[in-house]
Amino acid sequence: MDTARYAELFLTESQDNLSAINHALLELERRPTAREPVGALFRAVHTVKGMSATMGYSVIADLSHELETLLDLVRRGDRDVDASLMDTLFGAADTLERAIELSVAGRADDLDVAETLTALRAASKSSRTPDAEPPAAPAPRSRKKRAAKSAATGSALTVVVALEPDTPMMGVRAYLAIERAKTLGAIVHTSPDVGALAADGFDGTITIALETSAGDDEIDRVMRSAGSIATVRVSRPGGAPGRVAASPPNGNGSEARRPSAGTASELAPARQHRHIRIDLQRLDTLMNLIGELVITRGRLQQLAAILNDPSLTETVTQASRLVADLQDGIMTSRMVPMWQVFDRFPRVVRDAARALGKQVDFVVEGQEIELDRSLLDEIGDPVVHLLRNAIDHGLETPDERRRAGKPPTGRLSLTAARDRSAVVIRVTDDGKGIDRDRVLARAHEMGLIESGRGDLTDDEVVRLIARPGFSTAREVTDLSGRGVGIDAVHTRVRALGGTVDIRSTKGTGTSITVRLPVTLAIVRALLARVGDETYAIPMTHVNETAHLELNTIRQVKGRDVLVLRNDVLPLLHLRDVVRLPKRDAGGGQVVVLEVADRRAGMVVDELTGQQEIVIKPFDAVKDGLSVFSGATILGDGVPALILDVSSLL
Amino acid sequence: MICDDAIFMRTMVGDILQQAGFEIVGEAETGVQAVEKYRQLRPDLVTMDIVMPDMGGIDAVREITKFDPQAKVLMCSAMGQQALVVEAIQAGAKDFVVKPFQPSRVLEAVQRVLG
């Protein structure tokens with residue numbers, strides 16, 4: 001078999017299942033007696049087992065088989081859910097994840113699974129009834145419901161179709177059988193429901209209540225044309241209508257059904273959502289092309305403005321609109337919901353809390369908020385960092401919390417929300433907050449501030465934390481504080497065109513807010529000229545613009561400030577920022593910049609317009625030119641640097 | 001007619017069918033090709049892969065059935081594609097086989113589809 005072609009499909013599906021496994025494990029840990037998480041676990045592990053066997057990944061198949069055996073014991077109530085079982089299951093899930101990654105990469109041999117297999121077998125052995133045969137519990141499906149339904153079938157006859165036991169894709173084969181039955185007459189009802197056919201509890205026997213005039217032989221022939229059919233039994237409503245239909249589908253006491261899942265909506269013919277999988281690279285290619293097109297549009301618009309021909313202008317306007325629609329469409333197709341990344345965080349938090357001996361109540365909100373796929377990939381690590389930081393440095397141990405008069409379990413929340421063209425991700429804890437004195441002491445040690453600067457505002461203190469290499473962690477732990485603090489998050493977020501805002505109150509907690517543009521790559525920008533150079537200022541940070549009149553500039557403590565209506569704002573000069581000599585002549589324009597609740601005015605020679613700009617990758621931050629976040633190519637083909645507004649304020 | 005984007009799979013299916021005495025009148029590598037060639041060749045039976053570039057197998061089945069409601073299409077699917085196979089059946093496919101192929105199952109399905 002040409003497995004390579006399916007390796008990717010396998011990987012994607014396995015990852016979905018791993019995510020389901022981790023969720024179910026966390027749920028089971030919270031509610032050890034609950035049945036549903038065990039069922040969900042079993043189904044996901046079973047799916048992985050089946051897929052890996054087909055792909056020939058024996059390591060994964062072995063692991064999932066042992067895991068399935070153990071879960072079956074738990075499901076039947078022969079193995080209690082306790083802390084040691086949870087550890088074994090979590091450990092096995094991790095090994096399974098690595099096994100999947102390595103197997104797909106063709107390096108399955110790099111992984112030693114013996115230890116995990118032994119642990120799983122040991123856990124299975126310690127069950128209460130080690131030699132129990134697996135006569136799984138009867139299906140929890142409601143008899144009453146079925147009886148009620150079939151009572152309404154009236155004159156319908158009942159066809160019980162049993163598939164051959166080793167039929168591949170039994171659910172689909174059963175679906176095909178139902179399709180065949182439709183050619184005979186009207187289907188009143190099927191059991192199990194069409195929607196439940198994909199569940200692994202489906203045992204290959206399907207009961208169809210059918211209104212038809214066809215004879216037994218014809219029914220038999222048509223049903224068998226669905227293939228892989230072992231037996232077809234037809235019962236007609238005789239003297240006691242409805243009674244036959246009400247009997248269990250696979251009568252004669254052979255109740256060997258596994259509990260039915262019921263969640264497998266996969267097979268349901270409902271088509272509210274029609275999805276296709278697209279290779280991310282194709283979307284990236286489209287995005288790059290639309291980027292080039294946007295630049296070309298800018299050039300076209302400029303040319304049209306110069307030529308000033310009415311019909312050309314009209315055509316260009318129309319083309320521009322179409323480009324905008326196309327851009328919108330492509331961007332939308334790249335949007336994915338946050339949960340695709342947030343999904344793994346509960347597990348991360350649980351592991352970190354356990355490792356540090358802390359109790360955490362973790363809440364996630366806004367998982368449905370959508371973000372550009374490439375941004376989502378980038379934001380995962382910084383958020384993990386923030387969460388670990390909060391658990392490591394923010395939240396206290398249960399004892400410390402009790403002494404501080406707080407409940408022993410700390411609260412940690414991760415929320416996402418849309419705010420205009422930005423996505424706001426916030427990590428909040430109710431821990432001890434940032435220790436102002438320690439930050440100041442450390443800042444002094446690092447030579448960032450002079451001693452005795454007790455007059456720094458809280459905001460300024462907090463911003464010290466975001467400085468590169470800043471960490472006040474007393475000891476380096478496994479989880480965070482390896483000299484990479486909030487500044488790592490800050491750098492990463494800034495590179496994505498976003499901002500980080502930190503709020504903290506000593507003793508009551510810390511809240512870190514990350515603002516990101518909804519999409520990378522294309523943003524609207526204000527173009528500002530100083531000297532011969534044009535710079536782009538992302539519109540997300542532009543509050544307003546004004547003509548600069550000399551009487552609005554004042555001096556306060558030797559610094560320029562801008563008086564704007566009733567506000568006094570700090571004033572900076574783009575010429576200073578880019579190290580151009582000051583201009584003698586007055587005039588010019590001022591742009592009011594805004595990041596979070598910080599504002600400042602910036603003087604430029606001239607504002608030359610607004611444009612959609614395509615951000616090109618640029619390592620400005622690494623090279624020390626920290627005032628630029630990227631570069632772009634303007635409509636006239638000239639490159640321009642994009643100002644990183646958050647670094648200016 | 002055999003539709004699959006992998007030469008490996010086309011060769012394998014072709015071998016199974018030829019050894020059973022069938023004649024392969026054409027092959028297609030994409031859904032678009034499959035629809036085009038179906039119109040030209042009017043084969044007795046089409047084997048159709050689900051995942052193909054250009055136009056997938058399911059859309060191809062839909063197009064082919066639109067053109068010829070009597071078309072006999074056998075889907076070739078991989079494990080884990082249950083939902084897609086169901087969609088293909090809804091689109092008009094008559095039967096399916098699951099990879100890895102066992103020649104006997106392929107031939108059984110072919111016989112069933114040809115009736």
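Derivation of every value follows stated rules applied to the coordinates shown; laboratory data play no part. The model shown is predicted, which means the values in this text are computed figures rather than measured ones. Every residue, glycine among them, receives a Cβ derived from its backbone with ideal geometry; neighbour counts consider all protein chains shown.
Under 15 Å from the Cα of A:Lys358, which aspartates and glutamates turn up, not counting those fewer than eight places away in the same chain?
A:Asp392, A:Glu396, A:Asp399, A:Glu400, A:Asp429, A:Asp430, A:Asp478
Determine, for A:Arg554, A:Arg373, the number of other Cβ atoms within 10 Å of each Cβ, and report the residues in order from fewest to most.
The fewest-first ordering by Cβ neighbours comes to A:Arg554, A:Arg373.
Given points 7 Å out from each Cα along the Cα-Cβ axis, report the A:Met446 to A:Glu115 separation in nanometres with one decimal.
3.6
For a quick protection proxy, order the peptides A:390-396, A:366-372 by their average other-Cβ count within 10 Å, most packed first.
So the order, starting with the most tightly packed, is A:390-396, A:366-372.
In the structure displayed, which of A:Lys406/A:Lys432; B:Lys37/B:Lys66; B:Lys72/B:Lys99; B:Lys66/B:Lys94; A:Lys406/A:Lys506; B:Lys66/B:Lys99 lie more than 21 Å apart, Cα to Cα?
B:Lys66/B:Lys99
Using amide H atoms built in the peptide plane, which far-off residues or other-chain residues are under 5 Å from A:Ala631 H to H?
A:Lys616, A:Ile642
Any chance you could run the full-extension gain for A:Asp532 through A:Arg98? It's 0.36 nm times the residue separation minus the Cα-Cα distance, nm to one decimal.
150.8 nm
Mind checking which aspartates and glutamates have their C-alpha under 13 Å from A:Lys49, skipping anything on the same chain fewer than 8 residues away?
List returned: A:Glu13, A:Asp62, A:Glu66, A:Glu68, A:Glu97, A:Asp200.
What number does the range A:280-334 give for Rg over Rh if you use C-alpha atoms and the Kirkwood radius?
1.09
So how far apart, in nm, are the two label points at A:Trp339 and B:Gln19 if each is 7 Å from Cα heading toward Cβ?
4.7
Can you tell me the relative contact order of the range A:27-132? Whole percent, Cα pairs under 8 Å, sequence separation 6 or more.
29
Starting from the Cα gyration tensor of the range A:522-599, take the square roots of the eigenvalues, sort them a ≥ b ≥ c, and report rounded, prolate or oblate (rounded when a/c is under 1.5, otherwise prolate if a/b is larger than b/c, else oblate).
oblate
Taking the dipole about the Cα centre of the range A:340-432, with the C-beta of Lys and Arg at +1 and of Asp and Glu at -1, give me whichever of A:Ala422, A:Ala353, A:His385 is farthest to the positive side.
A:Ala353
Please give the per residue volume of the convex hull enclosing the alpha carbon atoms of the range A:4-125, rounded to a whole number of Å³.
That works out to 81 Å³ per residue.
Starting from the amide H of A:Thr545, placed 1.01 Å from N in the peptide plane, find each other amide H under 5 Å away whose residue is 5 or more places distant or on another chain.
Here the answer is A:Val592, since their amide H atoms fall under 5 Å of that of A:Thr545.
For a quick check: sort A:His547, A:His573 by the number of other beta carbons within 10 angstrom, fewest at the front.
A:His547, A:His573
For the range B:2-114, compute the orientation-averaged projected area of the C-alpha convex hull (one quarter of its surface), in nm².
For the range B:2-114, the mean projected area of the Cα convex hull comes to 5.9 nm².
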